[in-house]
1. Leu67 passes all but one of (1) at pLDDT 95 or above; (2) out of contact with any Pro (no Cβ under 9 Å at 6 or more places or on another chain); which number fails?
2. Could you run through region 29-48 and say how many residues are assigned to a helix (DSSP H, G or I), in contact with a helix residue (DSSP H, G or I) (Cβ under 6 Å, 6 or more places away or on another chain) and open to solvent by 10 Å² or more (accessible area, probe 1.4 Å)?
3. Quick check on my filter: what residues within region 49-70 are under 23 Å from Glu101 (Cβ atoms), open to solvent by less than 20 Å² (accessible area, probe 1.4 Å) and among the small types (Gly, Ala, Ser)?
4. Any chance region 28-49 includes a residue that's within 30 Å of Asn174 (Cβ to Cβ) and of a type in the set (Val, Ile, Thr)?
5. Being among the charged types (D, E, K, R) and part of a strand (DSSP E or B) is the filter; apply it to region 49-80 and report the residue that is nearest to His18 (Cα to Cα).
6. Residues that are more than 22 Å from Leu48 (Cα to Cα) and open to solvent by 70 Å² or more (accessible area, probe 1.4 Å): find the strands (runs of 3 or more DSSP E) completely inside region 87-168 holding 3 or more of those.
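The values are calculated or read from the model by the stated rules, or taken from the named source; none is laboratory data. Just so it is clear, the model here is predicted, and its values are computed rather than measured. Methodologically, a virtual Cβ is constructed for each residue, glycine included, from the backbone with ideal geometry; neighbour enumeration extends over all protein chains shown. Calculation scope for accessible area: heavy atoms of the full protein, side chains included, ligands and nucleic acids excluded. Shrake-Rupley method; radii C 1.70, N 1.55, O 1.52, S 1.80 Å.
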Amino acid sequence: MKYQIKQANEITDKEIEHILPLWDVSAWNTMKPAYFRSFFKDSEFHFLMDLHSEILAVLRLNFDFALEISGEQYPFAEVVGLVAAHQKKGYGAKLIEYFKENVTQRKVETIGFCHTDLRPFYEKCSIEILYDKAKAIKEHTGSEWINSEDDDILIFNISQKEKEQLTTLSPQNNAYLITKE
């Protein structure tokens, strides 16, 4: 197995054809390679590959992400789209291990989110979890702010100051998702 990082413009058509069905997002299923690369231009992709360069697991690191807490903006890299090609083989956990080491070495402020049913997986991967804090994040949809559908915030690599800000989130102290676009 090998760990590999690629920018959106480095991903091959074949890799895109493999990634999209793994993600299984209906709005993206018919995405053409050129549009994929453009759509995810603010992301980098982390792969666990087999010896034949077939994708065993993939995740996307989204750099177009910031939270506003108490009037101050906190830019983070956001982990999204973690999926393994084959379930229960340890590929996702191995990719998380390599990924966490990478963002820590590079000092990339990185968080992610999950639902309660995925807690055991991230706990097994020794990822710090801020339980039930993601519900205090508001996302703008149309003309209103709605609560995030996620439950927990995953801490891959952030400063103590930022972690303290995230731990203060509550229904009375919301964070607001800001996209750079």
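1. With (1) at pLDDT 95 or above; (2) out of contact with any Pro (no Cβ under 9 Å at 6 or more places or on another chain) applied to Leu67, the lone miss is (2).
2. 2
3. Ala57
4. No.
5. Arg60
6. 144-147
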